[in-house]
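First comes the structure, then the notes that go with it.
The values are calculated or read from the model by the stated rules, or taken from the named source; none is laboratory data. These numbers come from a predicted model, not from an experiment. Using ideal geometry, Cβ is built from the backbone for each residue, glycine included, and neighbour counts are taken over all protein chains shown. SASA here: full protein model, heavy atoms, side chains in, ligands and nucleic acids out. Shrake-Rupley method; radii C 1.70, N 1.55, O 1.52, S 1.80 Å.
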Amino acid sequence: MRSALTQLVVDKITPKPRPVEHRDTRLKGLVLRVTPGGAKSWYCEFARGKRVWLGRADVLSLSDARESARGILAEVFQGIDPIEARKPKAEMPTFGAYIEGDYAAWAKASQKAHEQNVKRLKTAFKALLKKPLDKITALDVERWRAKEVDRGLSNQTINRDIASIKACFNRAVDWEILPTNPLAKVKKARVDDCLKVRYLSAEEEARLRSAIEDREERRRAERDNANQWRAQRGYPLLPSLRDVVFTDHVKPLILLSINTGCRRGELFDLTWSNVNLDRRILTVTGATAKSRRTRHIPLNREATSALLNWRAQSEDTTGLVFVNEQGDRFDRANSSWRRLLKQAQITDFRWHDMRHHFASRLAMGGVDLNTIRELLGHS
């Protein structure tokens, strides 16, 4: 029923055998509901069958109920659903919880190096891990940048980390965890993009190959001495390294890097099923390639010989081409590589630079740049 509600009228309304609703004539949408038990409650009805509970009449006065109802009706006029607006919002996750939860799950399905990327985010932005996502600002990242510069980090390294965290927040926007990316205006520092491409000179390559052969002979001599010691004491002898072409994985890995331009991780992921020695083709599948695109690399004589000899001394020729002592995938070969470079007196040269060396040899041999791009797997 419609009533000219006043506070006195509200106080004097008595309960009936059935619930009764009194609709205010001064403010359309304000409803007082009285139950048979005498409970009186205020509601704001903003559409047919849709209403919001305002509170009990013994706590909320008529004037306060009208004020609350006016606010709700104003929201409706602005296109806001009062029911949805009053639903409890999900708790905003911290940056650390978000990285380890939704973002890590997405990265595992979408990124090849997902473990390294997630670990790098957690390490680089450790100071932000406990902050809720919506409390992290561009100023936080700028302050982080200033500290990293003071630590002596290069702009290239800092820019990579900034790109990673901005991409991380973009995912949160896509998933409607955040309305906008608060780091969108954080800019990368300017860097010199015309850096010198490092590759080996003829003399450096000769020294590197000499250091590799010295290492092979040293390992064979060490095994010979070990077996002589074991023989004198009646211990079982270890397999002789004089009977195999390679003493371990280091030499064949380097030879393949120089002659195929494969990334180190691509060689670690290489399986024998993707090596066709009859046709002399090595296949880097999209699942293991950084570009996510499959490519086929022709094998020259040295690369073919290295793979033939490595397969001949490998126990398993069905799984990974290179495995560690536990039979698992390699994840690094840094120590041996650094020692070889030191012995060969080669400085400022990374394993990845063997890709540049491979490309430079092709370019100097007259191979067109598009073919080189395809062989390197650049997009």
* **Of all accessible heavy-atom area on segment 305-379, the percent that carbon and sulfur account for (1.4 Å)** => 47 percent
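Starting from the Cα gyration tensor of segment 157-247, take the square roots of the eigenvalues, sort them a ≥ b ≥ c, and report rounded, prolate or oblate (rounded when a/c is under 1.5, otherwise prolate if a/b is larger than b/c, else oblate).
Numbers: a/c = 5.98, a/b = 2.29, b/c = 2.61.
Verdict is oblate for segment 157-247.
Please go through the residue pairs 126/166; 12/40; 16/40; 87/166; 131/188; 185/290 and name each one whose alpha carbons sit more than 21 Å apart in this structure.
Numbers: 126/166 15 Å; 12/40 11 Å; 16/40 12 Å; 87/166 30 Å; 131/188 23 Å; 185/290 28 Å.
Violating the 21 Å limit, Cα to Cα: 87/166; 131/188; 185/290.
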* Asked: What list of ³J(HN,Hα) values in whole Hz, one per residue of segment 271-284 in order, does the Karplus curve 6.51 cos²θ - 1.76 cosθ + 1.60 (θ = phi - 60°) give from phi, with Gly and Pro shown as x?
  -> 10, 5, 5, 9, 10, 10, 6, 5, 8, 6, 10, 10, 10, 9
* With a probe of 1.4 Å, find how much accessible area segment 195-275 has per residue, and write the answer as a whole number in Å². => 51 Å²
* Asked: If you plug each phi of segment 58-73 into the Karplus form 6.51 cos²θ - 1.76 cosθ + 1.60 with θ = phi - 60°, what whole-Hz ³J(HN,Hα) values come out, in order, with x for Gly and Pro?
  -> 7, 10, 9, 6, 4, 5, 5, 5, 4, 4, 5, 5, 4, x, 5, 5
* Structure fact -> Here, trypsin sites (Lys or Arg not before Pro) of segment 16-64 satisfying both criteria (DSSP loop; at most 16 other Cβ within 10 Å) are 26, 28, 48
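State the percentage of accessible surface on segment 1-85 attributable to carbon and sulfur atoms; use a 1.4 Å probe and exclude ligands, DNA and RNA.
Numbers: 2880 of 5310 Å².
With neighbouring chains kept in place, the figure for segment 1-85 is 54 percent.
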* For residue 342, go through the lysines and keep the ones whose alpha-carbon is under 21 Å away, minus same-chain ones fewer than eight residues off. => 251
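Can you list the trypsin sites (Lys or Arg not before Pro) in segment 216-301 that are in a DSSP coil and have 15 or fewer other beta carbons within 10 angstrom? Don't jump to the answer; show the numbers that get you there.
Numbers: sites: 218, 219, 220, 223, 230, 233, 242, 263, 264, 279, 280, 290, 292, 293, 295, 301; in loops: 233, 263, 279, 280, 290, 292, 293.
In loop regions of segment 216-301 (DSSP not H, G, I, E or B), the sparsely surrounded trypsin sites (Lys or Arg not before Pro) are 233, 279, 280, 290, 292, 293.
Can you tell me how segment 303-379 classifies by the Cα gyration tensor, rounded, prolate or oblate, using a/c under 1.5 as the rounded cut? Working shown, then result.
On the way: a/c = 2.12, a/b = 1.32, b/c = 1.60.
In terms of gyration-tensor shape, oblate.
Within 12 Å, Cβ to Cβ, of residue 153, how many net charges do the neighbouring residues add up to if Lys/Arg are +1 and Asp/Glu are -1? Don't skip to the end; give the middle numbers.
Numbers: positive: 145, 147, 151, 160; negative: 148, 150, 161.
Overall, the nearby charge balance is +1.
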* Return one quarter of the surface area of the convex hull spanned by the alpha-carbon atoms of segment 1-59, equal to its mean projected area, in nm². => 3.9 nm²
* Asked: Hey, which lysines would be in cross-link range of residue 28, C-alpha to C-alpha under 16 Å, not counting anything within fewer than 8 residues on its own chain?
  -> 50
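Residues of segment 106-166: accessible area per residue at 1.4 Å, in Å²?
Numbers: 3810 Å² over 61 residues.
About 62 Å² of surface per residue is accessible.
For the chain, which longest stretch is free of loop sites, where a loop site is one of the GluC sites (Glu not before Pro) that DSSP puts outside H, G, I, E and B and that has at most 15 other Cβ atoms within 10 Å?
Values: sites that count: 91, 176, 315, 325.
It runs 177-314.
Beyond 33 Å, how much of the Cα-Cα pair distribution for the chain remains, as a whole percent? Provide the component values of the computation, followed by the final result.
On the way: 41679 of 71631 pairs.
Considering the chain, 58 percent of its Cα-Cα pairs are separated by more than 33 Å.
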* **Integer Hz, Karplus 6.51/-1.76/1.60 couplings in order for segment 21-35, x for Gly and Pro** => 10, 9, 9, 5, 7, 7, 9, 5, x, 7, 10, 10, 9, 10, 8
